[in-house]
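Just so you know, all these numbers are worked out from the coordinates, no wet-lab data involved. The structure displayed is predicted, hence computed values, not measured ones. All Cβ positions, even for glycine, are placed from backbone atoms using ideal geometry, and neighbour counts span all protein chains on display.
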């Protein structure tokens, strides 16, 4: 009996994806316990995660009273897993974000390989994600958005593989991390139905729309509506099994009306969600780092997660900051790449360009509907993988071979140079991503624009 050796391409892909992933992990766990204490909204999510771990619901750590929480629990359960393994301290509540961030870097290699079937482009996508400062900061901070991004990207990979049940579960978990994951569910349901409509049309079948409705609509509704809803409701298991959760007994105190046939916990959960919705749609409190979505792609107002001016840097004035700033040259290149991709989609209607633009739109455009709401630049991490994939798409067009199937040498070298410049730009800002103690003069040199301060 002979054993088949792995194909060289598969071995190379694994070595590349996991090798670069290991390098990225080192950046993410290096001095992960610093800065000490809660960074930005860790004060909410780390404490909530610790409460979930011990009580199954979010309770106030001082009074043990039920807390009104405005986000679903999956991301906090992920943080709780790290606390369970390593303890309730900085490393413990940040390690899950570091591991999930690293996993997304490995994943984007395989996503890009599926999209473009090209080793260099997949390598480029992984390098760009590894060298994005926003991704590094979010991977070292116990916030929810890195988990939202992970489940969304995982769902995207499952869609590319045609694994729609798994995609529905992943996207349901994304929505169970933050509600903005719902936009991806709607977008990808529409995409799968459109693909099937086009396939029926290409086969010249009679009434292609009717055939999609008759043959696939119920199945896709199961995969992208029913299964995500089930995943979402299951994520609230701790709230269901623990009567001390916020609004858990709300229905018990209400008069029995038309909806009395619905179990009381479900009615209570619905009421809880109506209060969450009211919070999200009326949040207009001022914040010094609030940023309008119009400025997000150009990093107009990055969010400062931490700033101190301690001593010990060897100069009279020192600074230590964690700034959720995307690598500037990467994101500015992304703006150009979006324009290029839109142009190619109009001219060629390639499925890769359409799907990537749809994914970007699902994560970005809904925020323009909330112009008065308090929002932050770091929300862009949710669609950051699609910015990178759009850059890779534009790069693939730059590297298209000529009629003889040859790619001009200067274009190859220009592509290598582009990736190298992004990496250098990332290293230049690295002290702001890792929260290193530096001189105030050095810190000032990193503040390229007054809006970054």
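Before moving on, here are some points about what is shown:
- Counting 0.36 nm for each residue step from residue 243 to residue 365 and taking away their Cα separation leaves a gain of 40.1 nm.
- Zone residues, segment 290-317, relative to residue 440, backbone N less than 14 Å from point 7 Å out along Cα-to-Cβ: 308-317
- Gain on full extension, evaluated as 0.36 nm per residue between residue 163 and residue 219 minus their Cα-Cα distance, stands at 18.9 nm.
- Rounded, prolate or oblate (a/c below 1.5 giving rounded, otherwise prolate when a/b exceeds b/c) for segment 78-125 by Cα gyration tensor: prolate
- FRET efficiency, 1/(1 + (r/R0)^6) with R0 56 Å, evaluated for residue 36 and residue 348 via beta carbons: 0.60
- As computed over segment 9-91, the Cα convex hull volume per residue (Å³): 128
- For peptides 49-61, 122-134, 308-320, sequence by mean Cβ density within 10 Å, most packed first: 122-134, 49-61, 308-320
- Compared with the direct C-alpha span, the chain from residue 427 to residue 451 gains 6.5 nm at full extension, assuming 0.36 nm per residue.
- Using equal-weight Cα scatterers in the Debye expression, the normalised intensity of segment 239-342 in log10 at q = 0.18, 0.21 Å⁻¹ is -0.93, -1.08.
- Residue order, fewest to most beta carbons within 10 Å, for 62, 249, 113: 62, 249, 113
- Rounded Å value of the spacing that divides the Cα centres of segment 167-197 and segment 86-100: 28
- Cα centroid separation - segment 303-341 against segment 16-65, whole Å: 21
- Cα shape, segment 78-237, gyration tensor, a/c 1.5 rule: oblate
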